[in-house]
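Okay, structure first, notes after.
The values are calculated or read from the model by the stated rules, or taken from the named source; none is laboratory data. Quantities reported herein were computed from a predicted structural model and do not represent experimental measurements. Every residue, glycine among them, receives a Cβ derived from its backbone with ideal geometry; neighbour counts consider all protein chains shown.
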Amino acid sequence: MSDLFVFTTETATEQAQLLLHRKSLYFVLQSNFTLCYKVTMKSIKSALAVIELLLIFPAALFMTALFLREIQPEQFEPAHTAKLIVSWYATGPVWLTLWILLMAMPLAVLVIGGTTLLRSWKTDAELRQAARQMLATVRAHLATLLIAVATLTAGGILAIVALHAVTG
């Protein structure tokens, strides 16, 4: 009977090794689960990004068509195609073109995107650190960034004026 008792009882060293082994197995399982969780969250964010792009596309197309319609005469492309797109939105059913394509879908993008960004901001310390670093970099090089923005804006204005002058 005492032999049976000796075989079932572990020494303190064996108990510590068994506990350490169980603990390391727990940590391995936990880290694998965390990795799966991160991969799953990354794929969910990617899917949300695609869904948001699809939802915002009709409104972005309409806004782009409004702009392109005005930059040159209607008989030239892309103004002619832009006019057709705008007229389709204007003559289509109001519940579809205005309420769904131009209001409901962008509102859904705003709500989904805002919720996702807020959740990411709260849970992702790396994102918060990257944002802080970016703001520090912007503050350190603000004059250079303002010069770059002014230069790009001037280039855009000159391109619009040249396009307008060429098209009459």
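Taking the stretch 41-79 on its own, how many of its residues are among the aromatic types (Phe, Trp, Tyr) and more than 22 Å from the chain's Cα centre (by Cα)?
Number satisfying all stated conditions: 2.
Within the stretch 86-98, does at least one residue satisfy the condition of being in contact (Cβ under 8 Å) with a residue 60 or more places away in the chain and in the same structural domain as GLU70 (by TED's automatic domain parsing)? Spell out how you get there, then give the answer.
Within the stretch 86-98, the first condition is being in contact (Cβ under 8 Å) with a residue 60 or more places away in the chain, and the residues that meet it are none.
Within the stretch 86-98, not a single residue is in contact (Cβ under 8 Å) with a residue 60 or more places away in the chain and in the same structural domain as GLU70 (by TED's automatic domain parsing).
Conditions first: (1) within 22 Å of LEU54 (Cα to Cα); (2) surrounded by 12 or more Cβ atoms within 10 Å (Cβ to Cβ); (3) not β-branched (Val, Ile, Thr). GLY114 passes all but one, so which condition is the exception?
Exception for GLY114: condition (2).
For the stretch 117-153, how many residues meet the condition of being of a type in the set (Lys, Arg), out of contact with any helix residue (DSSP H, G or I) (no Cβ under 9 Å at 6 or more places or on another chain) and surrounded by 11 or more Cβ atoms within 10 Å (Cβ to Cβ)?
Of the residues in that region, 1 qualify.
Within the stretch 87-94, does at least one residue satisfy the condition of being among the aliphatic types (A, V, I, L, M), at pLDDT 85 or above and surrounded by 12 or more Cβ atoms within 10 Å (Cβ to Cβ)?
No, because not a single residue in the stretch 87-94 is among the aliphatic types (A, V, I, L, M), at pLDDT 85 or above and surrounded by 12 or more Cβ atoms within 10 Å (Cβ to Cβ).
Name the one entry in ARG119, ARG139 that is modelled with pLDDT of 90 or more, part of a helix (DSSP H, G or I) and either farther than 26 Å from LYS42 by Cβ or among the aromatic types (Phe, Trp, Tyr) (or both). Spell out how you get there, then give the answer.
Working: ARG119 fails: either farther than 26 Å from LYS42 by Cβ or among the aromatic types (Phe, Trp, Tyr) (or both).
Just a single option satisfies the conditions, and that option is ARG139.
Only one of these conditions is not met by LEU163: (1) surrounded by 12 or more Cβ atoms within 10 Å (Cβ to Cβ); (2) over 28 Å from the mean Cα position of the chain (by Cα); (3) hydrophobic (A, V, I, L, M, F, W, C). Which number is it?
(1)
Could you say whether any residue in the stretch 62-69 is in contact with a Leu (Cβ under 9 Å, 6 or more places away or on another chain), closer than 26 Å to ILE160 by Cα, free of Cβ contacts under 8 Å to residues at least 60 places away in the same chain and not in a helix (DSSP H, G or I)?
Looking through the stretch 62-69, none of the residues is in contact with a Leu (Cβ under 9 Å, 6 or more places away or on another chain), closer than 26 Å to ILE160 by Cα, free of Cβ contacts under 8 Å to residues at least 60 places away in the same chain and not in a helix (DSSP H, G or I).
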